[in-house]
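Some notes on the structure that comes next.
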Amino acid sequence: MKGLRKKRLLWLAVLAVLGALGWQFGPVPVLLVAGMLGAALSVLFLVQWTLAGRGLATLEALRARHGFNAMAGELRARLGTPDTFRFVVMGDTRNNTAVAARLYEKAAEETPAVLFHTGDIVRRGNPGEFLRNHVPLLPLTGGAPLFCVPGNHDQGARRDFAAFRALYGDDRFSFDFGGCRFVGFNNCRRDRVDDDTLAWLRAELAKPGAKRRFVFLHIPPVFFEETFAGDARRRGFRKNQDAFHTVMRECGVDEVFMAHIHGYATHVRDGVRYTLTAGGGAPLSGRIAKENRNFHYVALNVSPEGLRRTVVFLDGERWARREE
(Lines give C-alpha, C1' and ligand atoms only; values in the text may rest on other atoms or scores of the structure.)
Protein backbone atom coordinates (compact mmCIF):
# COMPACT_ATOMS: atom_id res chain seq x y z
CA MET A 1 0.00 0.00 0.00
CA LYS A 2 2.87 2.35 0.81
CA GLY A 3 4.40 1.51 -2.57
CA LEU A 4 1.17 2.41 -4.32
CA ARG A 5 0.96 5.69 -2.43
CA LYS A 6 4.51 6.53 -3.44
CA LYS A 7 3.76 5.86 -7.10
CA ARG A 8 0.66 8.02 -6.97
CA LEU A 9 2.55 10.82 -5.26
CA LEU A 10 5.28 10.60 -7.88
CA TRP A 11 2.82 10.91 -10.75
CA LEU A 12 0.97 13.72 -8.99
CA ALA A 13 4.30 15.53 -8.60
CA VAL A 14 5.04 15.05 -12.32
CA LEU A 15 1.60 16.38 -13.25
CA ALA A 16 2.08 19.34 -10.91
CA VAL A 17 5.41 20.21 -12.55
CA LEU A 18 3.90 19.90 -16.02
CA GLY A 19 0.97 22.06 -14.93
CA ALA A 20 3.33 24.71 -13.57
CA LEU A 21 5.31 24.69 -16.82
CA GLY A 22 2.12 25.06 -18.84
CA TRP A 23 0.93 27.92 -16.65
CA GLN A 24 4.25 29.73 -16.90
CA PHE A 25 5.42 29.03 -20.46
CA GLY A 26 2.49 27.65 -22.42
CA PRO A 27 1.76 24.22 -23.94
CA VAL A 28 4.87 23.79 -26.11
CA PRO A 29 7.39 23.24 -23.25
CA VAL A 30 4.90 20.90 -21.58
CA LEU A 31 4.63 18.78 -24.72
CA LEU A 32 8.44 18.70 -25.07
CA VAL A 33 8.98 17.62 -21.45
CA ALA A 34 6.18 15.04 -21.67
CA GLY A 35 7.70 13.64 -24.87
CA MET A 36 11.15 13.39 -23.27
CA LEU A 37 9.66 11.68 -20.22
CA GLY A 38 7.77 9.21 -22.42
CA ALA A 39 10.92 8.46 -24.41
CA ALA A 40 12.94 7.87 -21.23
CA LEU A 41 10.30 5.49 -19.88
CA SER A 42 10.22 3.64 -23.20
CA VAL A 43 14.00 3.19 -23.14
CA LEU A 44 13.84 1.95 -19.56
CA PHE A 45 11.15 -0.57 -20.49
CA LEU A 46 13.15 -1.81 -23.49
CA VAL A 47 16.27 -2.23 -21.35
CA GLN A 48 14.33 -4.22 -18.74
CA TRP A 49 12.74 -6.33 -21.46
CA THR A 50 16.12 -7.03 -23.06
CA LEU A 51 17.79 -7.98 -19.79
CA ALA A 52 14.88 -10.17 -18.65
CA GLY A 53 16.54 -13.30 -20.04
CA ARG A 54 19.97 -12.70 -18.54
CA GLY A 55 20.65 -15.21 -15.77
CA LEU A 56 17.91 -17.68 -16.70
CA ALA A 57 20.45 -20.36 -17.64
CA THR A 58 22.10 -20.03 -14.22
CA LEU A 59 18.74 -20.47 -12.51
CA GLU A 60 17.89 -23.44 -14.72
CA ALA A 61 21.15 -25.11 -13.67
CA LEU A 62 19.97 -24.92 -10.04
CA ARG A 63 16.69 -26.68 -10.82
CA ALA A 64 18.25 -30.11 -10.41
CA ARG A 65 18.46 -29.33 -6.70
CA HIS A 66 15.70 -26.77 -6.08
CA GLY A 67 13.06 -27.72 -8.66
CA PHE A 68 9.71 -28.85 -7.27
CA ASN A 69 10.07 -32.45 -8.44
CA ALA A 70 13.63 -32.74 -7.16
CA MET A 71 12.73 -31.35 -3.71
CA ALA A 72 9.65 -33.55 -3.30
CA GLY A 73 11.65 -36.65 -4.21
CA GLU A 74 14.52 -35.71 -1.91
CA LEU A 75 12.13 -34.98 0.96
CA ARG A 76 10.48 -38.39 0.79
CA ALA A 77 13.81 -40.17 0.26
CA ARG A 78 15.33 -38.49 3.30
CA LEU A 79 12.42 -38.65 5.76
CA GLY A 80 10.08 -41.32 4.40
CA THR A 81 6.46 -40.98 5.54
CA PRO A 82 6.52 -39.76 9.15
CA ASP A 83 3.27 -39.40 11.07
CA THR A 84 4.71 -36.50 13.09
CA PHE A 85 6.60 -33.58 11.56
CA ARG A 86 6.69 -29.79 11.38
CA PHE A 87 6.47 -27.36 8.48
CA VAL A 88 6.91 -23.58 8.28
CA VAL A 89 5.16 -21.00 6.10
CA MET A 90 6.14 -17.38 5.39
CA GLY A 91 5.74 -14.88 2.56
CA ASP A 92 6.51 -11.48 1.01
CA THR A 93 10.25 -11.28 1.60
CA ARG A 94 10.51 -8.82 -1.34
CA ASN A 95 14.33 -8.42 -1.43
CA ASN A 96 14.58 -7.57 2.29
CA THR A 97 17.36 -10.08 2.76
CA ALA A 98 18.22 -8.85 6.26
CA VAL A 99 14.79 -9.72 7.68
CA ALA A 100 14.33 -12.78 5.46
CA ALA A 101 17.66 -14.21 6.61
CA ARG A 102 16.67 -13.81 10.26
CA LEU A 103 13.34 -15.54 9.62
CA TYR A 104 14.94 -18.45 7.76
CA GLU A 105 17.56 -18.89 10.47
CA LYS A 106 14.93 -18.82 13.21
CA ALA A 107 12.70 -21.18 11.25
CA ALA A 108 15.61 -23.62 10.91
CA GLU A 109 15.63 -23.87 14.73
CA GLU A 110 12.16 -25.44 14.46
CA THR A 111 13.82 -28.34 12.56
CA PRO A 112 11.07 -28.30 9.94
CA ALA A 113 10.80 -31.09 7.40
CA VAL A 114 9.78 -28.56 4.74
CA LEU A 115 9.14 -24.81 4.34
CA PHE A 116 6.75 -22.89 2.11
CA HIS A 117 6.81 -19.34 0.74
CA THR A 118 3.54 -17.64 -0.23
CA GLY A 119 5.03 -15.36 -2.90
CA ASP A 120 6.61 -11.99 -3.65
CA ILE A 121 10.03 -13.49 -3.15
CA VAL A 122 11.75 -10.55 -4.85
CA ARG A 123 10.72 -7.07 -5.97
CA ARG A 124 10.63 -7.16 -9.79
CA GLY A 125 11.03 -10.81 -10.68
CA ASN A 126 14.15 -10.63 -12.83
CA PRO A 127 16.75 -13.44 -12.73
CA GLY A 128 19.42 -11.26 -11.13
CA GLU A 129 17.20 -10.58 -8.12
CA PHE A 130 16.55 -14.28 -7.62
CA LEU A 131 20.28 -14.98 -7.84
CA ARG A 132 21.26 -12.14 -5.48
CA ASN A 133 18.42 -12.05 -2.98
CA HIS A 134 16.81 -15.48 -2.91
CA VAL A 135 19.18 -18.29 -3.86
CA PRO A 136 21.86 -17.28 -1.29
CA LEU A 137 19.24 -17.56 1.49
CA LEU A 138 18.22 -21.13 0.66
CA PRO A 139 21.04 -22.76 2.71
CA LEU A 140 19.70 -20.95 5.81
CA THR A 141 16.74 -23.33 6.02
CA GLY A 142 18.93 -25.95 7.65
CA GLY A 143 18.70 -28.30 4.70
CA ALA A 144 14.89 -28.37 4.53
CA PRO A 145 13.44 -27.80 1.05
CA LEU A 146 11.58 -24.55 0.35
CA PHE A 147 8.51 -24.69 -1.89
CA CYS A 148 7.35 -21.32 -3.22
CA VAL A 149 4.39 -19.99 -5.13
CA PRO A 150 4.94 -16.87 -7.23
CA GLY A 151 3.62 -13.48 -6.21
CA ASN A 152 2.70 -10.58 -8.46
CA HIS A 153 6.17 -9.10 -7.92
CA ASP A 154 7.80 -12.30 -9.18
CA GLN A 155 6.44 -12.08 -12.74
CA GLY A 156 9.39 -10.21 -14.29
CA ALA A 157 9.56 -7.53 -16.99
CA ARG A 158 7.86 -9.78 -19.54
CA ARG A 159 5.18 -10.82 -17.03
CA ASP A 160 5.81 -14.49 -17.76
CA PHE A 161 7.32 -15.60 -14.41
CA ALA A 162 10.31 -16.81 -16.40
CA ALA A 163 12.87 -16.53 -13.59
CA PHE A 164 10.61 -18.28 -11.10
CA ARG A 165 9.90 -21.11 -13.54
CA ALA A 166 13.56 -21.38 -14.48
CA LEU A 167 14.48 -22.10 -10.87
CA TYR A 168 11.52 -24.23 -9.77
CA GLY A 169 10.51 -25.83 -13.07
CA ASP A 170 6.85 -24.80 -12.84
CA ASP A 171 4.58 -22.26 -11.17
CA ARG A 172 2.50 -24.85 -9.30
CA PHE A 173 3.14 -28.01 -7.31
CA SER A 174 1.32 -30.91 -5.73
CA PHE A 175 2.94 -33.61 -3.62
CA ASP A 176 2.25 -35.87 -0.64
CA PHE A 177 4.35 -36.16 2.49
CA GLY A 178 3.63 -37.58 5.92
CA GLY A 179 -0.02 -38.27 5.15
CA CYS A 180 -0.53 -34.66 3.96
CA ARG A 181 -1.11 -33.25 0.50
CA PHE A 182 0.51 -29.90 -0.27
CA VAL A 183 -0.80 -28.01 -3.31
CA GLY A 184 0.44 -24.60 -4.46
CA PHE A 185 -0.37 -22.58 -7.56
CA ASN A 186 0.10 -19.24 -9.30
CA ASN A 187 -2.93 -16.93 -8.99
CA CYS A 188 -1.11 -13.77 -10.07
CA ARG A 189 -1.93 -14.01 -13.74
CA ARG A 190 -4.67 -11.82 -15.16
CA ASP A 191 -7.49 -14.30 -14.46
CA ARG A 192 -6.30 -15.01 -10.90
CA VAL A 193 -8.22 -18.27 -10.34
CA ASP A 194 -9.77 -19.38 -13.62
CA ASP A 195 -11.95 -22.41 -14.36
CA ASP A 196 -9.01 -24.54 -15.51
CA THR A 197 -7.17 -23.83 -12.25
CA LEU A 198 -10.26 -24.77 -10.24
CA ALA A 199 -10.52 -28.05 -12.14
CA TRP A 200 -6.83 -28.78 -11.53
CA LEU A 201 -7.18 -27.98 -7.83
CA ARG A 202 -10.18 -30.25 -7.41
CA ALA A 203 -8.45 -33.08 -9.26
CA GLU A 204 -5.28 -32.80 -7.17
CA LEU A 205 -7.05 -32.42 -3.83
CA ALA A 206 -9.52 -35.23 -4.51
CA LYS A 207 -6.84 -37.86 -5.15
CA PRO A 208 -6.96 -40.56 -2.47
CA GLY A 209 -4.22 -41.17 0.06
CA ALA A 210 -4.04 -37.94 2.07
CA LYS A 211 -5.42 -37.41 5.56
CA ARG A 212 -4.78 -33.65 5.55
CA ARG A 213 -4.62 -31.06 2.79
CA PHE A 214 -2.92 -27.65 2.61
CA VAL A 215 -3.13 -25.10 -0.20
CA PHE A 216 -0.79 -22.20 -1.01
CA LEU A 217 -1.39 -19.14 -3.23
CA HIS A 218 -0.44 -15.48 -3.17
CA ILE A 219 -3.51 -13.24 -3.59
CA PRO A 220 -6.33 -13.95 -1.10
CA PRO A 221 -10.03 -14.01 -1.95
CA VAL A 222 -11.98 -10.88 -1.06
CA PHE A 223 -14.24 -12.72 1.40
CA PHE A 224 -11.18 -13.48 3.53
CA GLU A 225 -9.69 -10.01 3.13
CA GLU A 226 -12.91 -8.57 4.53
CA THR A 227 -12.29 -10.39 7.84
CA PHE A 228 -9.08 -8.52 8.64
CA ALA A 229 -8.61 -5.41 6.46
CA GLY A 230 -9.35 -2.23 8.39
CA ASP A 231 -10.73 -0.29 5.41
CA ALA A 232 -13.02 -0.72 2.42
CA ARG A 233 -10.24 -1.09 -0.17
CA ARG A 234 -9.89 -4.59 -1.63
CA ARG A 235 -6.80 -6.16 -3.18
CA GLY A 236 -7.99 -9.76 -3.20
CA PHE A 237 -9.59 -11.65 -6.09
CA ARG A 238 -13.35 -11.71 -6.65
CA LYS A 239 -13.85 -13.83 -9.73
CA ASN A 240 -14.45 -17.46 -8.78
CA GLN A 241 -13.84 -16.76 -5.08
CA ASP A 242 -17.00 -18.63 -4.05
CA ALA A 243 -16.18 -21.51 -6.38
CA PHE A 244 -12.67 -21.60 -4.93
CA HIS A 245 -14.05 -21.84 -1.40
CA THR A 246 -16.43 -24.59 -2.48
CA VAL A 247 -13.48 -26.65 -3.75
CA MET A 248 -11.60 -26.05 -0.50
CA ARG A 249 -14.61 -27.06 1.60
CA GLU A 250 -15.69 -30.07 -0.44
CA CYS A 251 -12.14 -31.42 -0.70
CA GLY A 252 -11.59 -31.14 3.05
CA VAL A 253 -8.72 -28.65 2.97
CA ASP A 254 -7.37 -27.98 6.45
CA GLU A 255 -5.70 -24.63 5.77
CA VAL A 256 -5.13 -22.19 2.91
CA PHE A 257 -2.03 -19.98 3.14
CA MET A 258 -1.75 -16.64 1.32
CA ALA A 259 0.17 -13.34 1.29
CA HIS A 260 -0.01 -10.06 -0.70
CA ILE A 261 -1.21 -7.85 2.19
CA HIS A 262 1.74 -7.56 4.52
CA GLY A 263 1.10 -8.94 7.97
CA TYR A 264 -0.74 -11.81 9.64
CA ALA A 265 -4.41 -12.78 9.83
CA THR A 266 -6.38 -16.00 10.13
CA HIS A 267 -10.05 -16.96 9.92
CA VAL A 268 -12.05 -20.19 9.76
CA ARG A 269 -14.91 -20.41 7.25
CA ASP A 270 -17.02 -23.57 6.95
CA GLY A 271 -14.27 -25.61 8.59
CA VAL A 272 -11.51 -24.30 6.29
CA ARG A 273 -8.87 -22.09 7.91
CA TYR A 274 -7.59 -19.21 5.77
CA THR A 275 -4.28 -17.71 6.89
CA LEU A 276 -2.42 -14.65 5.68
CA THR A 277 1.30 -14.97 6.32
CA ALA A 278 3.01 -12.06 4.57
CA GLY A 279 5.54 -10.79 7.07
CA GLY A 280 8.77 -11.89 5.43
CA GLY A 281 10.33 -8.44 5.07
CA ALA A 282 8.09 -6.32 2.84
CA PRO A 283 6.78 -3.06 4.37
CA LEU A 284 4.03 -3.96 6.84
CA SER A 285 0.49 -2.86 6.06
CA GLY A 286 -1.48 -0.40 8.16
CA ARG A 287 -4.65 -2.16 6.99
CA ILE A 288 -3.94 -4.99 9.42
CA ALA A 289 -4.49 -4.91 13.20
CA LYS A 290 -1.42 -3.58 15.02
CA GLU A 291 -0.86 -6.79 16.99
CA ASN A 292 -0.61 -8.71 13.70
CA ARG A 293 1.57 -6.16 11.93
CA ASN A 294 4.96 -7.82 12.37
CA PHE A 295 7.63 -9.86 10.62
CA HIS A 296 6.79 -13.49 11.25
CA TYR A 297 6.36 -17.07 10.09
CA VAL A 298 3.81 -19.76 10.96
CA ALA A 299 4.94 -23.17 12.21
CA LEU A 300 2.59 -26.15 12.11
CA ASN A 301 3.11 -29.40 13.98
CA VAL A 302 1.37 -32.35 12.35
CA SER A 303 0.77 -35.45 14.47
CA PRO A 304 -1.85 -38.18 14.94
CA GLU A 305 -3.28 -36.01 17.73
CA GLY A 306 -3.96 -33.15 15.31
CA LEU A 307 -2.46 -29.82 14.26
CA ARG A 308 -0.73 -27.30 16.49
CA ARG A 309 -0.11 -23.83 15.10
CA THR A 310 2.47 -21.34 16.35
CA VAL A 311 3.06 -17.81 15.07
CA VAL A 312 6.69 -16.79 15.60
CA PHE A 313 7.27 -13.07 15.21
CA LEU A 314 9.70 -10.25 15.86
CA ASP A 315 8.53 -8.03 18.71
CA GLY A 316 11.03 -5.22 18.25
CA GLU A 317 14.32 -7.10 18.36
CA ARG A 318 12.97 -9.95 20.47
CA TRP A 319 11.49 -13.17 19.16
CA ALA A 320 8.06 -14.05 20.54
CA ARG A 321 5.75 -17.04 20.08
CA ARG A 322 1.97 -17.24 20.08
CA GLU A 323 0.24 -20.61 20.15
CA GLU A 324 -3.04 -20.80 18.25
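The values are calculated or read from the model by the stated rules, or taken from the named source; none is laboratory data. Because the structure is predicted, anything quoted here is derived from the model rather than measured. Here the Cβ is made from the backbone with ideal geometry for all residues, glycine too, and neighbour counts use every protein chain on show. Keep in mind that these areas ignore ligands, DNA and RNA; they rest on the heavy atoms of the full protein, side chains included. Shrake-Rupley method; radii C 1.70, N 1.55, O 1.52, S 1.80 Å.
Compared with the rule-of-thumb size 2.2 N^0.38 Å for a compact globular protein, segment 153-202 has a Cα radius of gyration ratio of 1.28. Positive contributions from Lys and Arg (+1) and negative ones from Asp and Glu (-1), summed over other residues with Cβ under 13 Å from the Cβ of residue 165, come out at 0. For the chain, the relative contact order is 17 percent, taking Cα pairs closer than 8 Å that sit 6 or more residues apart in sequence and dividing their mean separation by the residue count.
Here the accessible area of segment 212-277 is 39 percent carbon and sulfur, with a 1.4 angstrom probe and all protein chains present. Springs between Cα atoms under 10 Å define the GNM used for the chain, and in it the highest mean-square fluctuation of 281, 128, 73 occurs at 73. Taking only the Cα atoms of segment 255-324, the radius of gyration and Dmax are 12.4, 38 Å.
Take the convex hull of the alpha carbons in segment 46-192; its mean projected area over all directions comes to 8.3 nm².
Mean sequence separation of contacting Cα pairs (under 8 Å, at least six apart), scaled by the length of segment 66-178, corresponds to a relative contact order of 32 percent.
For the chain, a Gaussian network of Cα nodes joined below 10 Å ranks 265, 20, 72 by mean-square fluctuation, and the top entry is 20.
Between residue 315 and 320, the built amide H atoms are under 5 Å apart, and every one of these is 5 or more places off in sequence or on another chain.
Dimensions of segment 190-286 based on its C-alpha atoms, expressed as ranges along the principal axes with the largest first, amount to 42, 26, 24 Å.
What does the C-alpha gyration tensor say about the overall shape of segment 133-235? Classify as rounded when a/c is under 1.5, otherwise prolate if a/b is larger than b/c, or oblate.
Verdict is rounded for segment 133-235.
What share of Cα pairs, in percent, lie more than 13 angstrom apart in segment 71-124? Counting pairs separated by more than 13 Å, the tail of P(r) holds 65 percent. What segment 107-227 shows is 35 Å² of accessible area per residue, with the surface traced by a 1.4 Å probe over protein heavy atoms. Considering only 198, 152, 91, and ranking their Cα positions along the charge dipole of the chain that arises from unit charges at the beta-carbon of Lys, Arg, Asp and Glu, the one farthest toward the positive end is 152. In segment 124-191, the convex hull through the Cα atoms has an average projected area of 5.2 nm², a quarter of its surface area.
Could you order the peptides 136-143, 112-119 from most to least packed, using the average number of other C-beta atoms within 10 Å per residue? Could the numbers behind the result be given before it?
On the way: 136-143: 14.4, 112-119: 25.8.
Per-residue Cβ counts within 10 Å, averaged per peptide and sorted highest first, yield 112-119, 136-143.
For the chain, a crude dipole built from +1 on the beta carbon of Lys and Arg and -1 on the beta carbon of Asp and Glu, taken about the Cα centre, is about 660 debye to the nearest 20. Among the GluC sites (Glu not before Pro) in segment 222-311, those placed in a DSSP loop whose Cβ has at most 16 other Cβ atoms within 10 Å are 226, 305. Result for the chain in a Gaussian network model with C-alpha springs under 10 Å: among 88, 272, 122, the largest mean-square fluctuation is at 272. Calculate log10 I(q)/I(0) of the chain for q = 0.08, 0.09, 0.12 Å⁻¹, where I(q) comes from the Debye formula with a single equal point scatterer on each Cα and nothing for solvent. So the normalised log intensities are -0.39, -0.49, -0.83. Helices in the chain that qualify as membrane-span-like (whole DSSP H runs, Cα extent of at least 20 Å along the helix axis, mean Kyte-Doolittle hydropathy of 1.6 or higher) are 27-51.
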